[in-house]
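Novice: Pasting in a structure now, in structure tokens, and then I'll have a few things to ask.
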Amino acid sequence: MNKAVTDGLVLMPPPFSGGLGVWSSGDGTPGSPSYDGASNAAFVPADQDFGGCLELLKTQSTQKLRWTGQTPILPGCYLQVRARVKAMSGNLPAVRIAAWAGDAGGSAVSGIPLTGPSVTLASYGAVVTVSAIVGTGSRQGVDMPWGTGPAYGHFGLDLTGPTGGVVRIDDIEIEDVTAFFHRKMMDWEDVRDWGARGDGVADDRAAFMAANAAAAAVGRTVLVSAGTYHLGDNVTFDVPVRFEGTVTMAADRRLQLTRNFDLPSYARAFGDELAGFRKALQALFNFTDHVTLDLRGRRIELDAPIDVRAAVGSPSGFQIRRTLANGQFNVQAGAGWDTETWTRQANYAAANPTRLTGVSNVAAIPVGAIVQGNGVGREVYVTEKNEGAGTLTLSQPLYGAAGTQVYTFRRFKYVLDFSGFSVLDRFEIVNVEFNCAGEASGVMLAPQGENARFADCVFNKPKDRAVTSIGLACQNLMVDRCQFLSNEMAMRAQDRTSIALNVNANDAKIRDNRVQMFAHFAVCNGSGHMFLGNHFFAGDTETNGVRQAGLVLGQTNVKTTINGNYIDNCFIEWTNEFSAEPDFAEPQFSFGGLTITGNIFTVRNVAPWFRWIVIKPHGSGHYIQGLNISGNVFRTVNATIDRVDHVDTSFATLDFGRTRNLVVEGNAFNGISQIIQNPVTIRHNQNTAAATWTVNTAGFLPFGAWARRVQALVFDGPVRDAGSTVLSTRPYTQAEAGAGRDRIEIVWPADARGTVDATIRADNPL
């Protein structure tokens, strides 16, 4: 820092050649005597050592020489006053720098040192330099520490000692020497001090690198002072950096701030939150020293999606853990969020279950477009395209689309779109709000990957989707403690179309989330999922209202647990809509591997036909082969429903003759006309003696299943014949009796009457 240069301060007194009228023999204050015309002072124009100089005869014990100009004193600024002096004849005096200090009102400031070190002239003709440093701070090397009281000073020198000597004095110099103390006062290296121009044109990279090296060598920081600095290549800082100015660089060049890697630093560096975020993302993916990009609670305004792959420019695959944390994306309305739609005729064959062929102008269909058409399940997306072959690869098979038809492709727009990566593993988003404002969707995952994680995030009013998997990047997906707030809350439940998330792969962990009024909370293919502790609800204010599925399971053997959730005004729908050949065929598994335990189910203002657990086979021959519904609470409000379970036969029904490993027990039913159990124990009173007792399960068995097996008969009291004689004979049982096969028969050798508790099962254990 040099105030004479940076702020244009006038520090240097005029030369003696300009006249002695501005040089005082007093304090230099207005009215003090000057040397102009004095008998003991004269200007010497051609001294062999000094050139022009002042010759002065010492006539007083302290002979003063002061410039009448006011030299400003600024906080943090240090001045050096210097003069060269030589004795010519007579007595040899001592010399020192001296001054008068004045405050802002022009009054003298007392109690501060006004003179510097004294030097005695020892011989004639020898040039001696005297100097002193004055400044506001009391620092080592400061001869006259003045504090903040003085606003200016009149500077010069004193001749002390015996009178009668003649001395010559070179022009007095005053200069800013704050830089002497710079390295202790200011612990940074300014890039301008290392040659940076800051004009936005010249390549300042070399200066940035030099400043970084100098700062790193001694543990300081770097200051990018005011200006616009163009960087022609990658720059990595190994020390903290403070930006007063901004930088520009090509899209494929990186700025890597290793010691303050956060959004505020990048926003200051590039002069904009969004531009800074893009560059910070680029560094996150391209520099191994960074693991987490901390947004530091900052909000990023967006009027168009962020194509993450395009922003980072990294290799198409990335499989190292990275985290984005602590901030908000705030969507602004704009055409950049408009959904794009295409229609194309295409061919589909079950033998090639994830491929559409014969697609015209396939180049126009983007990866990530949702596919809609006859026989297409929910949440089927384009994961890849082959322009030369005219084919599209799909995220899921189609259950009923064999042949040729016209498909609709719709591309939603996402705040963060990762679809440009071929594979992305272990990317985490933590404590980030996606304020979608009904304009945008939230996050689209890459086509491939695993271990993506969302924790403590908020998805506020996504237009179409909150989190979308277009392929298998949802393998081991973890979604924990997030909030999903619909943009469709004011709509009737049946009119909503937005979906919080979907899963195509296996082993998702969806835990402790709150999901409010979407069409669906989750549409999931794959298996090995855990839905734990979530609250998802989707009601409205209509009387006898219609409800949609909160959770959709899209394959038969799901190996999934649904435990401890609050399932509110929606239901669980279990389908096989992601099968190209939905009819059951050995050796595949049918509907099984599902555990529904310890949940709270509630609903209000619905018609009696509402159901909480619905199985919807899309092909024939399917059956239940492993389902546990236990320890749940079912409760209605302002409604009474017939039962909690249902088989949707829109495509096919279940084969109840093959049901096995079905457990329904320990549930609580409130406001439900017909409870369900398996096994169920029915008390049958046979008051009239008959050889055959028919025991009706009367709707107790789940899903309208058959009474396939009698597990136990316990008689309450003796069995008697028509004449009241106690019988000692034993009956046998016949299952699947009656037109609906929902009854059993207890067959006796002769007519009998009595009371029996019959435990009946809808399944076989094997």
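The values are calculated or read from the model by the stated rules, or taken from the named source; none is laboratory data. Note that the structure is a prediction, hence the values are computed from the model and not measured. Note that we place each Cβ from the backbone using ideal geometry, even for glycine, and neighbour counts take in every protein chain shown.
Let's see how each residue does on (1) touching a Ser or Thr at 6+ places or on another chain (Cβ under 7 Å); (2) over 23 Å from VAL128 (Cβ atoms); (3) part of a strand (DSSP E or B):
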position	(1), (2), (3)
THR29	no, yes, no
GLY37	no, yes, no
VAL44	no, no, yes
ASP49	no, no, no
CYS53	no, no, yes
LYS64	yes, no, yes
GLY69	no, yes, no
PRO75	yes, yes, no
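Novice: Regarding THR136, is this residue under 57 Å from the mean Cα position of the chain (by Cα), among the polar types (S, T, N, Q) and crowded, with 16+ Cβ neighbours inside 10 Å?
Specialist: yes
Novice: Would you please list the contacts, defined by Cβ atoms under 6 Å and residues six or more apart or on different chains, that run from a residue in segment 598-609 that is under 16 Å from LEU551 (Cα atoms) to a residue that is among the β-branched types (Val, Ile, Thr)?
Specialist: Close Cβ pairs (under 6 Å, with a partner that is among the β-branched types (Val, Ile, Thr)) amount to ASN599/ILE567; ILE600/VAL633; PHE601/ILE567; VAL603/THR636.
Novice: Which number in (1) in a loop (DSSP other than H, G, I, E, B); (2) touching a residue at least 60 places away in the same chain (Cβ under 8 Å); (3) farther than 27 Å from SER25 by Cβ marks the one condition that SER138 misses?
Specialist: So SER138 meets the others, but not (2).
So that you can scan it fast, the table gives a plain yes or no per residue for (1) modelled with pLDDT under 95; (2) within 38 Å of the chain's Cα centre (by Cα); (3) closer than 20 Å to MET530 by Cα; (4) small (Gly, Ala, Ser):
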position: ILE572; (1), (2), (3), (4): no, yes, yes, no
position: GLU581; (1), (2), (3), (4): no, no, no, no
position: GLN588; (1), (2), (3), (4): yes, no, no, no
position: ASN599; (1), (2), (3), (4): no, yes, yes, no
position: VAL614; (1), (2), (3), (4): no, yes, yes, no
position: PRO617; (1), (2), (3), (4): no, no, no, no
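Novice: Also, quick follow-up: From the list THR595, THR653, THR640, which one is surrounded by fewer than 19 Cβ atoms within 10 Å (Cβ to Cβ), of a type outside the set (Gly, Ala, Ser), in contact (Cβ under 8 Å) with a residue 12 or more places away in the chain and under 23 Å from ARG511 (Cβ atoms)?
Specialist: THR595
Novice: Only one residue in GLY754, GLY740, GLY723 is more than 60 Å from the chain's Cα centre (by Cα) and in a loop (DSSP other than H, G, I, E, B). Which one?
Specialist: GLY723
Novice: Here is a follow-up. May I ask you to say which residue of ALA705, ALA722, ALA689 is of a type outside the set (Ser, Thr, Tyr) and within 16 Å of GLU745 (Cβ to Cβ)?
Specialist: ALA689
Novice: Given the criterion in contact (Cβ under 8 Å) with a residue 24 or more places away in the chain, in contact with a helix residue (DSSP H, G or I) (Cβ under 9 Å, 6 or more places away or on another chain) and among the β-branched types (Val, Ile, Thr), identify the matching residue among ILE682, ILE672, ILE676.
Specialist: ILE676
Novice: Run down TRP748, TRP706, TRP693 and say which single residue is more than 30 Å from ASN638 (Cα to Cα), buried (at least 17 other Cβ atoms within 10 Å of the Cβ), touching a residue at least 60 places away in the same chain (Cβ under 8 Å) and touching a strand residue (DSSP E or B) at 6+ places or on another chain (Cβ under 6 Å).
Specialist: Sole residue among the options that is more than 30 Å from ASN638 (Cα to Cα), buried (at least 17 other Cβ atoms within 10 Å of the Cβ), touching a residue at least 60 places away in the same chain (Cβ under 8 Å) and touching a strand residue (DSSP E or B) at 6+ places or on another chain (Cβ under 6 Å): TRP693.
Novice: Looking at segment 332-361, which of its residues are among the aliphatic types (A, V, I, L, M), farther than 18 Å from TYR399 by Cβ and in a loop (DSSP other than H, G, I, E, B)?
Specialist: ALA333, VAL359
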